[in-house]
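As structure tokens, the structure follows; a few thoughts come after it.
The values are calculated or read from the model by the stated rules, or taken from the named source; none is laboratory data. If you're wondering where the values come from, they're calculated on a predicted model, not measured in any experiment. Here the Cβ is made from the backbone with ideal geometry for all residues, glycine too, and neighbour counts use every protein chain on show. Keep in mind that these areas ignore ligands, DNA and RNA; they rest on the heavy atoms of the full protein, side chains included. Shrake-Rupley method; radii C 1.70, N 1.55, O 1.52, S 1.80 Å.
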Amino acid sequence: MQIAVLRESAAGERRVALVPETVARLVKAGHEVRVEREAGVAAGFGDEAYAAAGARVGTVGEALDRAEVVVAVCRPSPEASDRLPRGALLVALLQPDRSAPLLDRLAARGVDALAMEKVPRTTRAQAMDALTSQASLAGYKAVLLGAVALSRILPMMTTAAGTLAPARAFVIGAGVAGLQALATARRLGAITSAFDVRPAVKEQVQSLGAAFVEVPAVAAEGPGGYAQELGRDEQARVLEAIAGHLKDQDLVVTTAAVPGKPAPRLVTARMVGAMRPGSVIVDLAAETGGNCELTRAGETVEAHGVTILGPLDLAATIPHHASQAYGRNVLAVLAHLSTAEGALRLDPADEITGAMLVVHDGRVR
Ligand code: NAD
């Protein structure tokens, strides 16, 4: 396959779709990789490293010339998408549910597209799962941001001046990001706890040394292992339990999400008002409306002495490792699409390819 790696154009995006390590593996497998100049610089991967890995580094035009597969992190701008070669396959985090104009444009141009968000969450596709790799990093970073914003330290510390008590960290939504946040907070010495509506999570939370906040008769696991929206009674019981628990917490990381729905509202302004001054909420659900009523996406809000952070796209703030992990996800996708002879085979009937294919044969699927 002839594979092109483009430099990301979105503001603040420092990741790159393939790193030299993954390029070397593709080249070894017989593929040709062309990389746009400085594509990996912001993530700490220089052009020389790509060249040493066997890539050809050049202008965007040179990278795209005769490309069969174009790999990227974010969806391309309209101008960039118009440069994609007719008949090529674009692989990226395309946000297909929010990208109708882009998908139409790709279809009109005869470019096929695979959305990395649509990798099925099955054991077979695990190595391709970019949402998981990026959410894990976001969960880790959320705790670091919260720790910096806190007016206290996370671990217990004993000095000649006496002992400082450890902070209490509470995670709401213990999925991929939430479990990583729990593990990180505990490594930093906090006393940890978590709540989730999926009963299966309790054991995972406890295995990370955290307490699970129980809410009787709440179990909302739906198809594919994802959470479902809560009924009115369940929601009331959940809010009551969270309100009771929040009063004693210092750092709260919220990640609760239900696929295709706005983020569930789990921390009200009133609950924030009852928290200890100096405490911090890091709301990873900010992009879909926030789990906290006071969150503003991409901003930091101070209310009743509590700091509420609503960061967007935290994985992009750890570009080196986020690119390394994303690159391995892309590598696994490319391996899945490659025939034994190294040719591209796009089979819409395949369980994984079919789920990811959002534009094919001039049509948006
Ligand atoms: P997500 O981002 O959709 O949601 C984050 C968490 O919020 C989930 O744990 C969810 O249960 C929780 N949540 C939703 N509503 C809530 C509420 N009202 N109160 C509290 N918590 C709430 O989920 P995710 O992190 O992407 O993972 C979802 C599931 O997929 C998990 O079961 C995970 O183990 C599974 N998964 C499987 C694979 C695989 O098999 N390859 C890969 C990744 C994830």
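List of remarks:
- Computed from point charges on the beta carbon alone (+1 for Lys and Arg, -1 for Asp and Glu), the dipole magnitude for the chain about its Cα centre is near 380 Debye.
- Per residue, in Å², the accessible surface of the stretch 1-138 once ligands and nucleic acids are set aside, probe 1.4 Å: 43
- Karplus (6.51, -1.76, 1.60) ³J(HN,Hα), θ = phi - 60°, over the stretch 151-165, in Hz, Gly and Pro reported as x: 8, 9, 9, 7, x, 6, 9, 10, 10, 4, 7, x, 10, 9, 6
- Of TYR326, LEU344, VAL359, farthest towards positive along the dipole that unit charges on Lys, Arg, Asp, Glu beta carbons give the stretch 324-365: TYR326
- Most positive-pole-ward Cα, GLY222, LEU239, MET157, against dipole of the stretch 136-316 from beta carbon charges: MET157
- Distance between the pseudo-spin-label points of MET156 and THR300 (7 Å out from Cα toward the beta carbon): 3.0 nm.
- Whole-percent carbon and sulfur share, accessible surface of the chain, 1.4 Å: 53
- Cut-off 15 Å between beta-carbons: net charge of the residues surrounding VAL57, Lys and Arg +1, Asp and Glu -1: -3
- The C-alpha atoms of the chain occupy a region whose extents along the principal axes are 64, 50, 34 Å, arranged from largest to smallest.
- Helix-only [θ]222 nm of the chain, DSSP H runs n ≥ 4, -39500 (n - 2.57) each, per residue, nearest 500: -9500 deg cm²/dmol
- Phi angles across the stretch 263-280 convert, under the Karplus curve 6.51 cos²θ - 1.76 cosθ + 1.60 with θ = phi - 60°, into 3J(HN,Hα) values of 4, x, 8, 10, 10, 8, 4, 5, 5, 4, x, 8, 7, 6, x, x, 7, 9 Hz, Gly and Pro given as x.
- Hits among aspartates and glutamates - C-alpha to C-alpha of LYS118 under 13 Å, sequence gap 8 or more where chains match: ASP97, ASP129, GLU351
- Averaged over its residues, the stretch 280-344 has an accessible area of 38 Å² per residue, based on protein heavy atoms and a 1.4 Å probe.
- Only Lys, Arg (+1) and Asp, Glu (-1) charged, at Cβ; the stretch 1-125 dipole about Cα centre in debye: 340
- Diagonalising the gyration tensor over the Cα atoms of the stretch 71-167 and scaling each eigenvalue by 5 before taking the square root yields semi-axes of 45, 16, 9 Å, largest first.
- The stretch 136-316 - convex hull of alpha carbons, volume per residue in Å³: 111
- Extension gain, GLN206 back to GLU62 (0.36 nm per residue minus Cα-Cα distance, nm): 46.6 nm
- Under-5 Å amide H pairs with VAL70, H placed in peptide plane, nonlocal only: ALA4, LEU89, LEU90, VAL91
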